[in-house]
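The values are calculated or read from the model by the stated rules, or taken from the named source; none is laboratory data. From a predicted model like this one, the values you see are computed outputs, not experimental measurements. Note that we place each Cβ from the backbone using ideal geometry, even for glycine, and neighbour counts take in every protein chain shown.
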Amino acid sequence: MASDNPSMKLDPKYDQYDFPTTSPNKQSGHPGHTTPEQDAQVFQLRMKLESAGYTERLDTLTLLRFLRARKFDVDLSEKMFVDCEKWRKEFNLDYLVRNFDYSEKEQVFEYYPQYYHKTDKDGRPVYIEQLGGIDLTAMYKITTSDRMLQNLAVEYEKLADPRLPACSRKAGSLLETCCTIMDLKGVGVGKVSSVYSYVKLASAISQNYYPERLGRLYLINAPWGFSTVFSVVKGWLDPITVEKIHVLGGGYQKELLAQVPAENLPKIFGGTCDCPGGCALSDEGPWTDPEWAKPAKWQEAPAKAEAIDNEAVNQGTIQDGAKSTAAVPTIEDTTDEIKAAPALE
């Protein structure tokens, strides 16, 4: 039984963690709550990947996430991992996370705020997106679709390290997911197509390449009829995923505040937090607190790659195709890879 394994078995060759490794989620397959069969599947997956030439990201926590995402089917998990590594290489991600400069961030956030801000009551990072102000025509005078996706991927890397490790240290147990708030206020019929084109692509990247990162998802200010549509869609989703998603209208504050402390929730959503310079740009959380924060592992050794032109910010649109930076695919190239994206995980 999973409950017979109260702590995770670590392999010193692959598992060098400086944060707790036992999950508070006691469901089977989560770290510290695995069966002997699941431990064997981790070993089998690692051996298959090593024999194929992979040497990075073979630690137990990572492999367990890929295995959970594919119901512990080792072959499907291997394919997912290999596809992810291929994407990372094509996206030049190991170099990007160290060197990407999103200098236009404040301007982009005037239309599309996307940010991590403090923690929920379970200690997880809170991630917030406000979709109502998206104006792709205006935004692509400031940035490109490629750079928006680069920023998205870099932020996912920073979620994995240093954000989640810092939160785990503070909580005293392993935290692998975040609490997401997506504000749909202002997303009317006229904006649906342009918003959907980018959000669909961004969501597919998270599902394909960053599995098992969704803890809770609050869709707030959902427009009329959205709940009806979702009631149909959720029939296609895994029941475990459905439990994580909460569709709320304008009266969302009570339920949201039951999960996120008022002092951690921006005032715009009914909380009391009002960070100097704005919550969206503060990046406040345990990951910036010296008591819990440590340098990310990816900071230890520089990755070699072609230089990224951080000044080329006004080149493309979804309609025309953006001019790619070195080794980074365009939005059209990436779309070909993710047409068969699975449901939320």
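Below, the figures for the structure above:
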{"quantity": "Residues (part of a loop (DSSP other than H, G, I, E, B) and either touching a His at 6+ places or on another chain (Cβ under 9 Å) or without any contact (Cβ under 8 Å) to a residue 40 or more places away in the chain (or both)) located in the stretch 41-65", "calculated": "Ala52, Gly53, Tyr54, Thr55, Glu56, Arg57"}
{"quantity": "Tally, over the stretch 229-269, of residues that are at pLDDT 95 or above and either surrounded by 15 or more Cβ atoms within 10 Å (Cβ to Cβ) or in contact with a strand residue (DSSP E or B) (Cβ under 9 Å, 6 or more places away or on another chain) (or both)", "calculated": "16"}
{"quantity": "Residue in the stretch 31-40 that is in contact with a Lys or Arg (Cβ under 9 Å, 6 or more places away or on another chain), part of a loop (DSSP other than H, G, I, E, B) and touching a residue at least 60 places away in the same chain (Cβ under 8 Å) present", "calculated": "yes"}
{"quantity": "Complete set of residues in the stretch 192-228 that are over 20 Å from Val126 (Cβ atoms), of a type in the set (S, T, N, Q) and at pLDDT 90 or above", "calculated": "Asn208"}
{"quantity": "Selection count, the stretch 48-69, where residues are surrounded by fewer than 20 Cβ atoms within 10 Å (Cβ to Cβ) and of a type outside the set (S, T, N, Q)", "calculated": "9"}
{"quantity": "Among (1) surrounded by fewer than 21 Cβ atoms within 10 Å (Cβ to Cβ); (2) farther than 17 Å from Arg213 by Cα; (3) modelled with pLDDT of 95 or more, the one test that Gln16 misses", "calculated": "(3)"}
{"quantity": "Given (1) out of contact with any helix residue (DSSP H, G or I) (no Cβ under 9 Å at 6 or more places or on another chain); (2) of a type outside the set (A, V, I, L, M, F, W, C); (3) buried (at least 16 other Cβ atoms within 10 Å of the Cβ); (4) farther than 28 Å from Leu93 by Cβ, index of the condition His33 fails", "calculated": "(1)"}
{"quantity": "Residues located in the stretch 284-297, provided they are surrounded by fewer than 16 Cβ atoms within 10 Å (Cβ to Cβ) and within 18 Å of the chain's Cα centre (by Cα)", "calculated": "Lys297"}
{"quantity": "Tyr156 surrounded by fewer than 22 Cβ atoms within 10 Å (Cβ to Cβ) and within 17 Å of the chain's Cα centre (by Cα)", "calculated": "yes"}
